[in-house]
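The values are calculated or read from the model by the stated rules, or taken from the named source; none is laboratory data. Keep in mind the model is a prediction, meaning the values are calculated, not measured. No Cβ is skipped: glycine too gets one built from the backbone with ideal geometry, and neighbour counts run over all protein chains shown. With ligands, DNA and RNA removed, areas are computed over all heavy atoms of the protein, side chains included. Shrake-Rupley method; radii C 1.70, N 1.55, O 1.52, S 1.80 Å.
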Amino acid sequence: LKGPTPEELFQTALDCEAQPEMLPQAAESYRQVLELAPDWAEAHINLGVALYQMGQIDDARAEFSSAVRLDPWNGISRYNLGCVLEEQGEIEAAIDHLRRAARAMPGHADVRFNLALAYEKRGQRRLARERMRATAAQARGRDRVMRRAERSPQDEPGALGQPASRHAFDRGVL
């Protein structure tokens, strides 16, 4: 008999993730995915997120590290690993991963914000303030674009007016 494919198991895990009480089942489904497809970086990332949300920080760190090893340019895995490292007090390593995440995802405000917090923890208050200001400016710019995107094209000539453009700003991690 043929069992579920890695893609089917991944979808099952995604469905379980939506409900906090189902996180253990999501984690188990991601583990099954990784038994069949051990090099699937996104499965490592999502398993890491589920483990993190269940309070299994060391296991989450291991999954994020695996994802970084498999796909070094993946900004989400770098961001998640940086956040875990910062939480565990490994500020230098956290800054390294958060910097790389910022390069991979330059428009992601959470990355910039957490990088600023890590600089502050390292004692670089001026650099942290500069990063916070840049993050705030980026957020204000995003808010302006969002307001324009929500308007009808008839309200303002040249307005974006395309709800689909909003999705570029709705991504999140952890």
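List of remarks:
- Residues of region 15-59 with amide N under 18 Å of the 7 Å Cα→Cβ point at K121: 49, 52-53, 55-59
- Solvent-accessible surface ranking, highest first, for W40, W73 at 1.4 angstrom: W73, W40
- Taking a Cβ cut-off of under 12 Å around N114, the surrounding Lys, Arg, Asp and Glu residues balance to a net charge of +1, with basic ones at +1 and acidic ones at -1.
- Full extension of the chain between E21 and D39 yields a length gain of 3.7 nm, computed as 0.36 nm times the residue separation minus the alpha carbon distance.
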